[in-house]
């Protein structure tokens, strides 16, 4: 290996844009253009799993920087009508470069370029990049298996749910169901399908997307032994998601780009999406990851203005039909 280093980052944008487009793009760049370089990736804490197959190290962005972010959009931050990576993040990566310059003959930085994430470039059948199926870290997977086994006192199927919750400008956005609707949905599928539920616990801050936790849903106490919230934080948050998806029957994602993640695990998934955005889940590259969406159901009947009022009983019926076929 040549004594040269390439640093990929900083990534400060949206979660789904990272693993759907940025990571595949730099995986291809690393493997084809810089195969003999050492490499580092710089992103949010917990995201190392996305980069583990083609990089030699991972540097998490410090909380002192990430807490300044308010409105992630595409590959950057939405600031005064523009998509920008704040200068403090470039400063952080440049300092990493300086720290390594005495150890390598050459150190280069490859940062996201907003023009590479223009809609006409990413919303195509075969955008740039090498996309793979991820394999969970064995130690993290064993931890998740033990957690599931010890949390439920039965051997029923377990369903993963990402109960999307995002506020923008003090209001739920048009791809978010109310906590009451999520609570009703979860209660009914436990009753109807006799399953256990894992809620992906993603904290929602500022305009960042997150999810509802059990305590948000007003679900009757008698259901609580059938529902487990797994907080997704810390240095292994992505690996936890890999392991959860691999070790549950299927997943349900509310209108979020995070619903792409099961594609990269090739696990069954039901995605509730708006009519306007349903097409974003049906490109060739996505179908190549899922055996032509063999075990994927995209329910995109309602436009944005109607989406938050999706009838819960209809959603239950659609999901039940999907569940019984997998």
Helix 138-151 versus the longest principal axis of the chain: what is the Cα-based angle in degrees, 0 to 90, to the nearest 10?
20 degrees
What three numbers, in Å, describe the spread of the alpha carbons of the chain along their principal axes, ordered from the longest?
63, 43, 38
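Give me the extension gain from residue 105 to residue 304: residue separation times 0.36 nm, minus the current Cα-Cα distance, reported in nm with one decimal.
Fully extending the segment from residue 105 to residue 304 adds 66.4 nm.
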Determine the calculated [θ] at 222 nm for the chain from helices alone, applying -39500 (n - 2.57) to every DSSP H run no shorter than 4 residues and normalising by the residue count; nearest 500 deg cm²/dmol.
-8500 deg cm²/dmol
Order of 130-139, 248-257, 45-54 by packing, highest average Cβ count within 10 Å first?
248-257, 45-54, 130-139
According to a simple spin-label model (label point 7 Å from Cα along Cα-to-Cβ), what is the distance in nm between residue 225 and residue 78?
4.5 nm
Could you sort 183-196, 145-158 so that the peptide with the highest average Cβ count within 10 Å comes first and the rest follow in order?
183-196, 145-158
Can you tell me the order of 262-269, 68-75 when each peptide is scored by its average per-residue count of other Cβ atoms within 10 angstrom, highest first?
262-269, 68-75
Residue 203 paired with residue 67, simple spin-label distance in nm, labels 7 Å along Cα-to-beta-carbon
1.0 nm
Given that compact globular proteins tend to follow 2.2 N^0.38 Å, what is the ratio of the alpha-carbon Rg of region 243-307 to that value?
1.07
Output needed for region 189-244: three equivalent-ellipsoid semi-axes, defined as square roots of 5 times the C-alpha gyration tensor eigenvalues, in descending order, whole Å.
23, 15, 9
Can you divide the C-alpha Rg of region 137-286 by 2.2 N^0.38 Å and report the result to two decimal places?
1.02
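When each pair of different Cα atoms in region 4-122 is counted once in the 1/r mean, what is the Kirkwood radius in angstroms, to one decimal? Intermediate values should be presented prior to the final figure.
On the way: mean 1/r = 0.0686 Å⁻¹.
Over region 4-122, the inverse of the mean reciprocal pair distance is 14.6 Å.
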Determine the distance separating the Cα centre of region 187-201 from the Cα centre of region 36-92; give it in Å without decimals.
35 Å
Acute angle (nearest 10 degrees) that the helix 23-33 long axis makes with the longest principal axis of the chain, alpha-carbon atoms:
30 degrees
Where labels lie 7 Å past Cα in the beta-carbon direction, separation of residue 126 and residue 218 in nm
5.1 nm
For residue 321 and residue 282, what does the FRET efficiency come to when R0 = 22 Å and r is the distance between their Cβ atoms, rounded to the nearest 0.05?
0.70
Mind pulling the angle between the C-alpha long axis of helix 312-325 and the longest principal axis of the chain? Nearest 10 degrees, somewhere in 0 to 90.
80 degrees
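Here, each number is a calculation from the coordinates, and none is a lab measurement. Worth saying up front: this structure is predicted, and the values here are computed from it rather than measured. Note that each Cβ is placed from the backbone with ideal geometry, even for glycine, and that neighbours are counted across all protein chains shown.
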